[in-house]
Amino acid sequence: MDECSTGALVPAVKPEPKESSVGDLADPGSGNMGCPVHEKGLAEVDRDLLCPICMQVVKDAFLTACGHSFCYMCIKTHLSNKSDCPCCAQFLSTNQLFPNFLLDKLLKKTSARQISKNASPVEHFHQALHQGCEVSIKELDTLLALLAEKKRKMEQEEAERNMQILLDFLNCLRKQKVDELNEVQTHLQFIKEDIGAVERRRMELYRARDKYSVKLRMLGADDSIYGARKQWHSSTDNNTGALSGRGGMSIWNLPRKDGSDSQYMTQTGLAIARKKRVHAQFGELQECYLQKRHQMVNQPYSQQEQDKGVIQREGYTAGLADFQTVLTTLTRYSRMRVIAELRHGDLFHSANIVSSIEFDCDYELFATAGVSRCIKVFDFSSVLNDPADVHCPVVEMPTRSKLSCLSWNKFTKNHIASTDYEGIVTVWDVNTRQSIMEYEEHEKRAWSVDFSCTEPTRLVSGSDDCKLKLWCTRQEASVMDIDMKANICSVKYNPGSGNCIAVGSADHHIHYYDLRNPSEPLHVFTGHGKAVSYVKFLSNYELASASTDSTLRLWNVRDNIPVRTFKGHTNEKNFVGLTVNSEYIACGSETNEVFVYHKEISKPVTWHKFGSPDLDDADDDAGSYFISAVCWKSDGPTMLTANSQGTIKVLKMEGFEVEWKKQAQQWWSQSLHYVHRIPPQQIYAAMAVLLFTTFLLLLVRLFKRPKANTILVTGLSGSGKTVLFYQLRDGSFHQGTVTSMEPNEGTFVLHSEKSKNGKLNPIHVIDVPGHSRLRAKLDDFLPQAAGLVFVVDAVEFLPNCRAASEYLYDILTKASVVRKKIPVLILCNKTDKVTAHSKEFIRKQLEKEIDKLRASRSAVSTADITNEFTLGAPGERFAFLQCQNKVTVGEASGLGGEISHVEQFIRDNVKS
């Protein structure tokens, strides 16, 4: 077979290049290659150049006595087997072979012509020079110029191609970044809208809470009055009634014992714990939020109309409300706690693996099955409330073989179906402890069975015989068979349809069937890397699957798309169980742990390890056990779990509130126990010391003056005060000056110090407007000032020198400035300009103008003088050194960012 196939493939692949090679040798010297008649002649000549044995161009031609030419090796090999001519069959021996020199010469010339024909012009030129062709210098110059021009042209074309490639890349990159920017802008718009909606909703809740608080206080006051009246009437009628009345009044005066006070005290810690949980899952929560917001935007109009009432009532979009539900459920629980434990297996028998555990339709009973060949039914409330070490089942039904799966009837409480290792599907009546129907059509072990959620008599099963069988409890044979190509590990009805079934198979796929058309599945979900061990429906369109590739996956069977992959547990070879409710997915692990996932988050929300230190059943070889079955109790936080040791535990997810309450109660109990052990005299002494210390601290705080950390920035309008304010705050600037009509005020760390390590002290900077009508606001801020920066425009100084001097004179003579000795920095702004004056020139001009002002104002009547102090020494020329407070002069450039003098002034005067 292989030889035949190989022989058939060779001619199909190789003859084409052989014929083309021969055709290429057909008279290369001919110039009429386009003439059909001439091509026919060339073909006839070419056949004479071929060896009749190998059908290739003759190599080392030899001529026979009968006149035929062959390759030497071809005819030599032929004559070693036969003694005749391959063409005419005449007798032929090796002695009758002669070299054909003429044919060899002709073949060599033909080959040379063909090479010459296919050679490039460069090769022709190189060959001509190599053969000694004489070329003049002028011709060489022409050739060199031509070659140089050709080279430049090729380089130009290459550069253009490279530029085009670069341009295409940049355009593609720009498009990608623009798309990302548009997406980010869309996301920011979503966030902005939702922040506003949440703030409005929160204010509504605050108002409602305050209203309810007022009502409760009013009701409490009414009850107190009623209690007082009852006490008065009781005291007049019966002397014993007074005690009762005082007891009634004490209800409103004594602290409550319901834990509300401790709950209030732990609200801050609870909020911090929840925030930490949110930040731990921040990336996936972000994706969840954006996905739900996009879904709301892309939702059909009719669906939005249906949700309009909800949106108006809630005050925010349905997508935001949906995400709030996710956030609430995610942060609601933080751990799992064992609330009950059940040991029902034979402790002296090693075969205790629980393969399946299921609740009935009312969640009152649960059944277990496994390799112990017995179905045991327990009452959940008895297990939860009875502290007995060994719990006895309310019903026990022995079977012939090991059991693999259980399924309760969703309508008939006492009916339960099972599958076993012999392939038998059995329907049991729990009340009579007898089997109702037994189906033995499966040829191998049956792994899964499930009752329909819409048809109480329908059930489906899957087996290692690769067959999916549909049963009816009213018939003794299967209703329908579906043959598959791989073992069936799990089957599950869609809860919203009696016709749709999901099948987990050993071929790594999930097959989703509509039983009305069983010939082919509606869809095959691919993605798992190993056998699919479980399939479960969270809703009518959400399907969860588990696989031995240590992953869970969530699928949308309505849109036939994968939704999410969950990782964290370990599952490589065993059935470890899978259970779902509307929000959570739980599974076991081969590390003897139970993992719980939220359907919107791919990482585990919480997990619990069997044999934890807080439990009594910790074993040394606990690592050899694995979780074998799990089952939620309805949509609540309670779950049944079982492991390969035969231990069944009832786990309950608990939130941060429970942990904080327990911790607070523990601290309170320890404190009371410690206090009760201390003698009363020591307690009284400690309380006296505590009260005295508190009194001293209050006195110190009352009389201690706070350190001033305010810097005032003032000057004439247009001097650049606002630009300086923004440079100090965040290093930004505004083109041109901005005339401020209101003070700019802010408390911040200097922008130049934000990159430094260690504790940074914020400063309070106030930019006081320089307009003449607004300067009075400066007096409001002077009592808290640690320093004052007077900004002068170094470019426009001379026209404004008189006005600046008058304003500065008024500041330096204010009582609050002189008495507190507030340091003043005269800051010459815009010194980076070419026409700016130097700080020495500005200082001298200001001193000269202030000296004139001092002389002129001293001659005016004291009734017209508003200044409280005079400047300088009488009879001497004024200088800033004569001021009682420190006055310095510095330079700056607000637009250029050079503000080192003012920053140093702030550091010197604002102390930590």
Quiz item: Just by accessible area at a 1.4 angstrom probe, what is the order of F781, F880, F282 from largest to smallest?
Solution: F282, F781, F880
Quiz prompt | Straight-distance crosslink candidates among lysines, where the alpha carbon sits under 20 Å from K138 and sequence neighbours closer than 8 are dropped | solution = K150, K151
Practice problem: Taking the dipole about the Cα centre of the range 48-116, with the C-beta of Lys and Arg at +1 and of Asp and Glu at -1, give me whichever of A61, L106, Q96 is farthest to the positive side. | Solution: L106
Quiz item: With every protein chain left in place, what is the accessible area of M73 in Å² (1.4 Å probe, nearest 10)?
Solution: 130 Å²
Quiz item: In whole angstrom, how far apart do the alpha carbon centroids of the range 421-460 and the range 478-493 sit?
Solution: 14 Å
Exercise. May I ask for the net charge around N182, where only other residues with Cβ less than 14 Å from the Cβ of N182 are counted and Lys, Arg are +1 while Asp, Glu are -1?
Key: 0
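Determine the share of the range 736-816's accessible area contributed by carbon and sulfur atoms, expressed in whole percent, with a 1.4 angstrom probe. Write down the numbers at each step before the final one.
Values: 1850 of 3780 Å².
Heavy-atom surface of the range 736-816 belonging to carbon and sulfur, 1.4 Å probe: 49 percent.
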Quiz item: With every protein chain kept in the model, how would you rank R373, R337, R209 by accessible area, 1.4 Å probe, largest at the top?
Solution: R209, R373, R337
Quiz item: So what's the gap between the Cα centers of the range 498-552 and the range 742-762, to the nearest angstrom?
Solution: 60 Å
Practice problem: Please work out the FRET efficiency for the pair L166 and R907, using the Cβ-Cβ distance as r and a Förster radius of 60 Å; give the result to the nearest 0.05. | Solution: 0.75
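Using a Förster distance of 35 Å, how high is the FRET efficiency between R802 and N885, based on the Cβ-Cβ distance and rounded to 0.05?
Details: r = 23 Å, r/R0 = 0.66.
That pair, R802 with N885, gives E of 0.90.
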Quiz item: Once the Cβ-Cβ distance between S80 and L103 is put in as r, and R0 is 30 Å, what FRET efficiency do you end up with, to the nearest 0.05?
Solution: 0.85
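So for the range 48-116, if I pair up every lysine 8 or more residues apart or on another chain, how many of those pairs have alpha-carbons under 25 Å apart? Walk me through the numbers before you get to the answer.
Details: K59/K76; K59/K82; K59/K105; K59/K108; K59/K109; K76/K105; K76/K108.
Total qualifying Lys-Lys pairs in the range 48-116 comes to 7.
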Practice problem: Report the label-to-label distance for R877 and M480 in nanometres (one decimal), using points 7 Å from each Cα along the Cα→Cβ vector. | Solution: 11.3 nm
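In a shell of Cβ-Cβ distance under 13 Å around V532, excluding V532 itself, what net charge do Lys and Arg (+1) and Asp and Glu (-1) give?
Details: positive: K492, K530, K536, R553; negative: D507, D549.
So the surrounding residues net to +2.
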Exercise. For K844 and L143, compute 0.36 nm times the residue count separating them, minus their Cα-Cα distance, and round to one decimal in nm.
Key: 244.3 nm
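Starting from the eigenvalues of the Cα gyration tensor, five times each then square-rooted, give me the equivalent ellipsoid semi-axes of the range 732-858, largest first, whole Å.
Numbers: eigenvalues 141, 82, 44 Å².
After scaling each eigenvalue by five and taking roots: 27, 20, 15 Å.
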Quiz item: So how strong a dipole does the range 48-116 carry about its Cα centre when Lys and Arg Cβ are +1 and Asp and Glu Cβ are -1, to the nearest 20 debye?
Solution: 240 debye
Quiz prompt | Solvent-accessible heavy-atom area per residue, rounded to whole Å², over the range 48-116 at 1.4 Å | solution = 64 Å²
Quiz item: How many nm is it between the label spots at R433 and K175, if each spot is 7 Å from the Cα in line with the beta carbon?
Solution: 7.5 nm
Quiz item: Could you state the number of Å between the C-alpha centres of the range 374-410 and the range 764-779?
Solution: 84 Å
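First compute the accessible area of the range 445-527 with a 1.4 Å probe, then give the percent of it belonging to carbon and sulfur atoms. Could the numbers behind the result be given before it?
Details: 1400 of 3300 Å².
Reported share for carbon and sulfur atoms: 43 percent.
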Practice problem: Once you've got the Cα coordinates, tell me which of K756/K821; K599/K652; K485/K573; K292/K567; K567/K633 are over 26 Å apart. | Solution: K756/K821
Quiz item: So which lysines pass the test for K814, namely a Cα distance under 27 Å, with those fewer than 8 places away in the same chain ruled out?
Solution: K704, K707, K721, K777, K839, K844, K848, K852, K886, K911
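The values are calculated or read from the model by the stated rules, or taken from the named source; none is laboratory data. Since the structure is predicted, the reported quantities are computational estimates derived from the model, not experimental observations. Neighbour counts run over all protein chains shown; Cβ positions are idealised from the backbone, glycine included. Please note that ligands, DNA and RNA were not included when accessible areas were found on the heavy atoms of the full protein model with its side chains. Shrake-Rupley method; radii C 1.70, N 1.55, O 1.52, S 1.80 Å.
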